[in-house]
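The values are calculated or read from the model by the stated rules, or taken from the named source; none is laboratory data. Computed from a predicted model, the values in this text were never measured in an experiment. We place every Cβ from the backbone using ideal geometry, glycine too, and count neighbours over all the protein chains shown.
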Amino acid sequence: MKTKIVKEKEQKTVLSRRNYIILISGSILIIAGYILMSGEGSTLAAYNPDIFSRTRIRIAPLICLLGYLLNVFGILYRPLK
């Protein structure tokens, strides 16, 4: 039977603090991208040309993609020892 001290030493996290910081920043980028994509749409009564703005079509998806790539990097990142 193992002692309590040995059990505490065995419980190490897989990801380090730096990994979690990278994951949180990637998640913030994803949320910001989706917020930039949101907005009013067109209805049958009124046409809204803002749905085809540069921010919604080009910038926001790139920010989301960057956030997803940053999350993958945050999971795979291992610091050099």
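Looking at Leu65, Leu29, can you tell me which residue is exposed (fewer than 14 other Cβ atoms within 10 Å of the Cβ) and modelled with pLDDT of 95 or more?
One residue alone meets the criteria, Leu65.
May I ask you to list the residues in segment 31-81 that are free of Cβ contacts under 8 Å to residues at least 12 places away in the same chain and polar (S, T, N, Q)?
Listed by number, the residues that qualify are Ser38, Ser42, Thr43, Asn48, Ser53.
Just give me the residues in segment 28-79 being β-branched (Val, Ile, Thr) and not in a loop (DSSP other than H, G, I, E, B), in sequence order.
Those that are β-branched (Val, Ile, Thr) and not in a loop (DSSP other than H, G, I, E, B): Ile28, Ile30, Ile31, Ile35, Ile51, Thr55, Ile57, Ile59, Ile63, Val72, Ile75.
Of the residues Leu44, Leu76, which is modelled with pLDDT of 85 or more and out of contact with any Pro (no Cβ under 9 Å at 6 or more places or on another chain)?
Going through Leu44, Leu76 in turn, just one is modelled with pLDDT of 85 or more and out of contact with any Pro (no Cβ under 9 Å at 6 or more places or on another chain): Leu76.
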